[in-house]
Amino acid sequence: MIGISLMVVGIVTALVSGGLTGRMVTRFGEKRTLYIGQFFGASGMVIAGLAKTGAWLLASVPIISLWNISMPAAQSMMTHRVSEREQGELQGALQSMRSITFIIGPWLFLRIFGWFIDAKNQIHLPGAPYFLAGALLFTAMLMATRIEQPQLSQSSTGPIPDVVPPESIPSAAIAPILDSEENV
């Protein structure tokens, strides 16, 4: 069953990422694609949390996979809000946040799962991590509906020069300057 589920996740993710994301953005725009993807992700997480059998969990995979349409839309919206020179910083910040969530997420959801399946607790709810994930995604979706789209213009700040004059770049000595006759 694990092999089949991983195969289904891979196929559905490839179909959604490769064939559906661009069409959704073209048809609905970035903002709507963002919160539509988050809605399906939240719905799929709730279905996974309610799953009593492997078949139900497997049925939640295509719904959760529709969440994959939201990240490209979100990244596109963010890149429109920064200059071309800040794109690297933005992508670095996004990757840093993603890395932090990859550290915190497993620990958090493991603790929640452990607490809700512990025999000492009155509430037995093995799907609790999925419910939390669904609640977080639903909250993100509500926040995404409040995002204002900037009006994009062709060239609002003027052309970007090919060469930046050296006097406009602050610098400090990086290494000592050696005489050409000096042997290193």
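Per-structure values
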{"quantity": "Total residues in the range 105-132, condition loosely packed, with under 10 Cβ neighbours inside 10 Å and not basic (K, R)", "calculated": "4"}
{"quantity": "Of the criteria (1) without any contact (Cβ under 8 Å) to a residue 60 or more places away in the chain; (2) surrounded by 14 or more Cβ atoms within 10 Å (Cβ to Cβ), which one E89 fails", "calculated": "(2)"}
{"quantity": "Test: A140 is in contact (Cβ under 8 Å) with a residue 12 or more places away in the chain, assigned to a helix (DSSP H, G or I) and within 27 Å of G54 (Cα to Cα)", "calculated": "no"}
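Read the figures in this text as sums done on the coordinates, not as results from a lab. Keep in mind that what you see is a predicted model, and the values were worked out from it rather than measured. Neighbour counts are summed over all protein chains in view; Cβ atoms, including those assigned to glycine, are modelled from backbone coordinates with ideal geometry.
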